[in-house]
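Throughout, read-outs are computed from the coordinates displayed, never taken from laboratory work. On a predicted model such as this, the values are computed, not experimentally measured, just so you know. FYI the Cβ positions are ideal-geometry reconstructions off the backbone, even for glycines, and counts take in every protein chain you see.
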């Protein structure tokens with residue numbers, strides 16, 4: 001248990017209806033008793049509304065909702081309590097001052113509550129990363145995927161894999177420790193069955209589409225076209241708000257404008273680029289140069305055409321075969337070439353089919369309920385585990401005879417895989433990562 005008792009706001013600072021103040025550590029009960037006007041501690045995990053006072057003067061500070069947690073039942077695993085204060089600045093400042101004046105209490109550092117939850121075995125490292133993603137989630141798909149990891153899906157899977165490796169490794173270790181005795185014929189086969197089943201699962205996991213990583217970063221769609229093709233109008237129509245400046249004057253958009261939105265639950269960034277045309281304007285030419293660069297980095301491009309804004313050879317050269325060609329301003333004239341869809345961005349007509357095309361080309365689909373929410377760190381650890389088990393598979397490929405010749409080498413390969421899986425949950429070899437991961441959290445988390 002940590003020596004210091006920490007406290008911090010778990011809600012944003014500033015005027016609000018409610019401000020949640022979290023306190024965790026060994027001195028919690030004494031601090032709460034001193035704050036309460038009658039000194040009587042509430043029953044753990046039962047809410048109550050009580051008056052709190054300044055212990056030094058007896059002055060009333062507030063009448064908050066109070067929740068007290070006993071050790072082992074709180075988020076951090078320590079004694080803890082929360083004060084749901086009225087959110088006025090003066091109220092919050094007064095309570096923070098009183099707590100800071102008590103011996104043994106100090107302001108929490110960013111992520112320190114979550115760090116204590118990890119140190120006390122309440123959460124593994126994969127769950128903590130899921131919690132960070134849940135806090136940052138902006139779309140339905142991000143929320144669902146992050147919640148699965150916070151619930152422990154990845155950590156549980158890693159522990160299940162580790163359990164199989166442990167059983168296989170125990171059999172290998174037995175052949176080493178009792179090498180002078182007769183080893184049952186099936187020992188090596190049973191060990192390999194457990195170990196290679198994990199190898200097969202890891203290979204399948206790593207070859208699955210990296211949908212979960214894309215859910216975190218989102219997809220990028222660049223809209224290209226000549227001036228006055230309606231790119232900015234289309235951006236505003238899809239975002240359902242005025243983001244980009246709309247004008248009949250050619251060259252209004254001179255730099256890329258990015259708009260993040262939720263497209264049927266998925267995070268997508270639309271990029272409004274400068275209109276591409278012949279011009280002597282140096283600033284406009286620079287905008288067009290950047291449009292070309294941005295379009296190459298995008299996951300998908302929309303070539304936008306209109307009766308008064310045809311698709312030039314320069315624009316067409318930036319489009320790949322799988323990109324979308326969209327005819328805008330269909331109310332002013334029919335398309336004069338093959339296109340994927342006809343719309344009128346100004347009138348919000350044809351947007352539903354366009355959104356369907358975007359989802360199809362970006363291959364937007366909800367991951368299966370059992371899909372693992374992987375970060376790059378997780379992929380690297382799983383790759384290390386798979387590499388170690390592939391080396392074991394080579395030794396096992398010739399049957400038991402080769403394993404019998406070098407059981408120590410085979411066992412070491414399995415240990416390396418076991419260690420790599422432990423890095424994902426934080427059970428082994430992650431000390432250098434911890435400060436970085438927990439620093440991503442806000443002060444009261």
For the range 1-133, what does the alpha-carbon gyration tensor say about shape, rounded, prolate or oblate, given a ≥ b ≥ c as the root eigenvalues, a/c under 1.5 as rounded, and a/b over b/c as prolate?
prolate
For the residue pair residue 258 and residue 45, what label-to-label distance in nm results when each label sits 7 Å from Cα along the Cα-to-beta-carbon direction?
4.5
Expressed in whole Å with the largest first, what are the equivalent ellipsoid semi-axes of the range 74-210 derived from the C-alpha gyration tensor as the square root of 5 times each eigenvalue?
48, 22, 9
Gain upon complete extension [residue 365, residue 164; 0.36 nm per residue less C-alpha separation]:
69.2 nm
